[in-house]
1. So which of Ala246, Ala279, Ala263 is among the hydrophobic types (A, V, I, L, M, F, W, C) and loosely packed, with under 12 Cβ neighbours inside 10 Å?
2. Listed residues Ala19, Ala13, Ala47; which is more than 29 Å from Asp362 (Cβ to Cβ), at pLDDT below 90 and among the small types (Gly, Ala, Ser)?
3. Consider Tyr193 against the criteria (1) modelled with pLDDT under 90; (2) within 20 Å of Ala293 (Cβ to Cβ); (3) of a type in the set (Ser, Thr, Tyr): it satisfies all of them except one. Which criterion is unmet?
4. Sort through Ile299, Ile254 and tell me the only one that's of a type outside the set (Gly, Ala, Ser) and assigned to a strand (DSSP E or B).
5. Listed residues Gly167, Gly128; which is surrounded by 21 or more Cβ atoms within 10 Å (Cβ to Cβ), touching a helix residue (DSSP H, G or I) at 6+ places or on another chain (Cβ under 8 Å) and closer than 30 Å to Asp524 by Cβ?
6. Could you tell me whether Glu393 is more than 24 Å from Glu359 (Cα to Cα), at pLDDT 80 or above, of a type outside the set (A, V, I, L, M, F, W, C) and part of a helix (DSSP H, G or I)?
7. Among the residues that make up region 78-98, is at least one of them over 28 Å from Ala445 (Cα atoms) and over 25 Å from the mean Cα position of the chain (by Cα)?
8. If you go through region 457-467 one residue at a time, do you hit one that is surrounded by fewer than 21 Cβ atoms within 10 Å (Cβ to Cβ), in a helix (DSSP H, G or I), of a type in the set (Asp, Glu) and modelled with pLDDT of 75 or more?
Amino acid sequence: MAPPPRPLVFQPAATGGLARGIRQIVAAVRPTLGPLPRRVAIQRPFAGSAPELLDDAGTIARRIVELPDRDEDMGAMLLRGILWRLREEVGDGTATAAVLFGAVFDGGARSLAAGGDATRLRQHLERGARVIAGELAGMASRVSGQEALTRLAAAICHDPPLAALLGEIFDLIGEWGQLDIQQGRGRGLEREYVEGLSWEGGVLARRMIADERAGETRLGPSAILIGDLAIDDPRELVPLLELAVAEESSSLLIVANRLSEGALALLLAQDPARLRVVAVRTPGLGEEEQAAALEDLAILTGGRRLLRAAGDTLAAIGPGDLGRARRVRATRGQFEVAGGGGDPRALRRHIAALRAACEGADDRARRDGLRERVGRLLGGAATLWVGGATEAESAARLDLARRTADALRGRSGGRPARRRRRAAGVPPGGAEALARAGDPDERVAWGILLAALEAPFRALLANAGFDAAEALAAVERAGPGHGFDLRAGRVVDPVAAGILDVAAAQGAALHAAVTGAGLALTIDVLIHRREREVAPSP
């Protein structure tokens, strides 16, 4: 009979258990690293369902919810959490981070077994990681142009048709552009570019759709009422309609939360030859999101937002309250505004403030929302539809497209260290720092980092079917500035060959792996809680 599990686990058993769990996660995601990855099959919870085939390390790690051994499970869940956070924040680099984490932890565990100090080792590892990250940042350069963006996308997603479209899209809409990625309507890929700035919020009545076949209404130069008002009494609209006519507006766009049937009837009864009116729903969910969308629209068009929370009504509406736009398009699901009449300097200041807030945001949801607002106001917008031969393939490709787009947002490309100096086992600046290291623990830390930085390159070669020792020797003989092209199977100059990687993803992977492994090495005791027994249902 097996002994009961221990509630307290001390050294060296604690580090041993963590190490075994970490190795299992690393082994599960290592095959996904590189442009020629292997896949991982995950059983679905429904009987008779085909397995889920993945090559995304973050998602694979998240599918692993528990290991049978409780000590190993702690190590596995520690690395799992780090990989998922990295995937959420950066979108790429999770497989590299896992391999780095495993190599750093294994090297650190050997040092501790030989009598090293965990706290000092962690400090030196983190200091060394900062030196290497600074060198990587110095090697980075901004990528521009469709061809270079396509190569960078291909290095992330390893899907040439998808990479070609994403390269084209980001070349046109820019880093901050608004990109909507949706489930495809067929097996292939489609894209559409939007003229003007679009918001979610379709017409409030289908009868306002002028072109039923196209499902849209187009207006020329228009006055715009910007608000989240709920208009129940048709008489509330009279001052607005009179103001639009007095200002000789031929078209009026009303942005409101709700219009009663009577109010809609009054708008539909207007003579189109005198004034064409379209009412659309206020974009956004909740007061905060709606207020932000209305603020952007007001600055863009030069109007004033009318908010229920501020007690605004249509009773005292004046000429300066209406925005202006050169063109308006409204459909059942959204509306677009082109040629806003707001103050360009105010718009530039507003965009700069949003960008600063986005770069300083810690919460991903807030950061994504701010980035979407900036992209919309800058005017670049596109929709990408991603399809596949099967539902599973379509869903996997859709997720891949979103992750690649996230990584391309911070498109600092550079000579990828994992295929350049890292092949020879020396990170940028690493040899110089190692020579200056006088503390024995510091020398040990640099030795761990040097070996760990070689681990992803070895995994890349193994996944692509090459002998790691032979390829490493060939790169070393070629000298600095050379790497190994996994697709061509030969030593090349990475820059000349157009082999790029995302510097932000590399730096984030390095930071997450080294700081996470350093923290794990300082764990001395594992404490297990007793599992609660669930009473059987009557």
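The values are calculated or read from the model by the stated rules, or taken from the named source; none is laboratory data. Since we're looking at a predicted model, the values are computed, not measured. Glycine also receives a Cβ, built like all others from the backbone with ideal geometry; neighbour counts cover every protein chain displayed.
1. Ala246
2. Within the list Ala19, Ala13, Ala47, the selection yields Ala47.
3. Answer for Tyr193: the failing condition is (2).
4. Ile254
5. Being surrounded by 21 or more Cβ atoms within 10 Å (Cβ to Cβ), touching a helix residue (DSSP H, G or I) at 6+ places or on another chain (Cβ under 8 Å) and closer than 30 Å to Asp524 by Cβ holds for just one of Gly167, Gly128, which is Gly128.
6. In short, no.
7. So far as region 78-98 goes, no, none of its residues is over 28 Å from Ala445 (Cα atoms) and over 25 Å from the mean Cα position of the chain (by Cα).
8. no
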